[in-house]
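Notes for the one structure printed next.
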Amino acid sequence: MASAKNSWAWVSKWHEPLRQTLIPYRGATLTTKRLKVLIRSVPGIGKGEADRTHPSDHCVNMNNKGACDCAKTDRALVRQVRRGHFLVL
(Lines give C-alpha, C1' and ligand atoms only; values in the text may rest on other atoms or scores of the structure.)
Protein backbone atom coordinates (compact mmCIF):
# COMPACT_ATOMS: atom_id res chain seq x y z
CA MET A 1 0.00 0.00 0.00
CA ALA A 2 1.17 3.52 -0.71
CA SER A 3 1.68 5.97 2.12
CA ALA A 4 -0.63 8.92 2.65
CA LYS A 5 0.14 12.01 0.61
CA ASN A 6 0.63 15.41 2.22
CA SER A 7 1.61 13.94 5.59
CA TRP A 8 2.16 16.59 8.23
CA ALA A 9 5.42 16.09 10.08
CA TRP A 10 3.84 16.74 13.49
CA VAL A 11 1.23 14.00 12.91
CA SER A 12 3.88 11.45 11.92
CA LYS A 13 6.04 12.54 14.87
CA TRP A 14 3.44 11.09 17.24
CA HIS A 15 3.08 7.74 15.42
CA GLU A 16 5.45 5.72 17.62
CA PRO A 17 4.34 7.18 20.98
CA LEU A 18 0.71 6.61 19.98
CA ARG A 19 1.49 3.06 18.84
CA GLN A 20 2.98 2.37 22.28
CA THR A 21 -0.09 3.85 23.98
CA LEU A 22 -2.41 1.63 21.93
CA ILE A 23 -0.59 -1.69 22.53
CA PRO A 24 -2.86 -2.71 25.45
CA TYR A 25 -5.91 -2.12 23.22
CA ARG A 26 -4.90 -4.29 20.24
CA GLY A 27 -7.90 -6.19 18.93
CA ALA A 28 -10.37 -3.89 20.69
CA THR A 29 -12.86 -1.66 18.93
CA LEU A 30 -12.79 1.84 20.40
CA THR A 31 -14.90 4.90 19.73
CA THR A 32 -13.44 8.08 18.33
CA LYS A 33 -14.09 9.71 21.72
CA ARG A 34 -12.09 7.02 23.57
CA LEU A 35 -9.25 7.21 21.04
CA LYS A 36 -9.10 11.00 21.43
CA VAL A 37 -8.72 10.49 25.21
CA LEU A 38 -5.84 8.08 24.52
CA ILE A 39 -4.24 10.50 22.05
CA ARG A 40 -4.34 13.22 24.71
CA SER A 41 -2.64 10.82 27.14
CA VAL A 42 0.46 10.36 24.94
CA PRO A 43 3.41 11.66 26.99
CA GLY A 44 4.69 14.98 25.67
CA ILE A 45 1.89 15.68 23.21
CA GLY A 46 0.57 19.21 23.54
CA LYS A 47 -3.13 20.01 23.73
CA GLY A 48 -3.10 21.65 20.30
CA GLU A 49 -1.41 18.71 18.60
CA ALA A 50 -3.62 16.23 20.45
CA ASP A 51 -6.75 18.09 19.39
CA ARG A 52 -5.61 18.13 15.74
CA THR A 53 -4.69 14.43 15.70
CA HIS A 54 -7.54 12.11 14.74
CA PRO A 55 -7.85 8.31 14.61
CA SER A 56 -8.26 8.51 10.85
CA ASP A 57 -4.79 10.09 10.66
CA HIS A 58 -3.42 6.62 11.51
CA CYS A 59 -6.04 4.48 9.73
CA VAL A 60 -5.50 1.64 7.25
CA ASN A 61 -8.76 2.08 5.32
CA MET A 62 -9.38 5.85 5.41
CA ASN A 63 -7.49 9.03 6.17
CA ASN A 64 -7.65 12.79 6.38
CA LYS A 65 -5.67 15.19 4.25
CA GLY A 66 -2.34 15.59 6.05
CA ALA A 67 -2.52 12.19 7.75
CA CYS A 68 0.43 10.31 9.22
CA ASP A 69 2.61 8.55 6.67
CA CYS A 70 1.36 5.25 8.11
CA ALA A 71 -2.19 5.87 6.84
CA LYS A 72 -3.34 3.33 4.28
CA THR A 73 -0.24 1.18 4.87
CA ASP A 74 0.52 -1.95 6.87
CA ARG A 75 1.97 0.37 9.57
CA ALA A 76 -1.45 1.92 10.32
CA LEU A 77 -2.62 1.78 13.93
CA VAL A 78 -6.38 1.44 13.45
CA ARG A 79 -9.05 0.30 10.97
CA GLN A 80 -12.41 2.03 10.76
CA VAL A 81 -15.11 -0.63 11.24
CA ARG A 82 -18.04 1.79 11.14
CA ARG A 83 -18.53 5.51 11.57
CA GLY A 84 -16.96 6.58 14.86
CA HIS A 85 -15.56 3.10 15.69
CA PHE A 86 -12.03 1.88 15.08
CA LEU A 87 -10.37 -1.51 15.54
CA VAL A 88 -6.91 -1.14 17.09
CA LEU A 89 -4.41 -3.09 14.95
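When only residues in the stretch 35-61 that are in a loop (DSSP other than H, G, I, E, B) and either within 11 Å of the chain's Cα centre (by Cα) or among the hydroxyl-bearing types (Ser, Thr, Tyr) (or both) count, which is surrounded by the fewest Cβ atoms within 10 Å (Cβ to Cβ)?
The extreme case among them is Ser41.
Taking Ser12, is it at pLDDT below 95 and in contact with a strand residue (DSSP E or B) (Cβ under 9 Å, 6 or more places away or on another chain)?
no
From (1) in contact with a helix residue (DSSP H, G or I) (Cβ under 7 Å, 6 or more places away or on another chain); (2) not in a helix (DSSP H, G or I), pick out the condition that doesn't hold for Lys72.
Going through the list (1) in contact with a helix residue (DSSP H, G or I) (Cβ under 7 Å, 6 or more places away or on another chain); (2) not in a helix (DSSP H, G or I), Lys72 breaks only (1).
The values are calculated or read from the model by the stated rules, or taken from the named source; none is laboratory data. Quantities reported herein were computed from a predicted structural model and do not represent experimental measurements. Here Cβ is always computed from backbone atoms with ideal geometry, including for glycine, and neighbour counts include all displayed protein chains.
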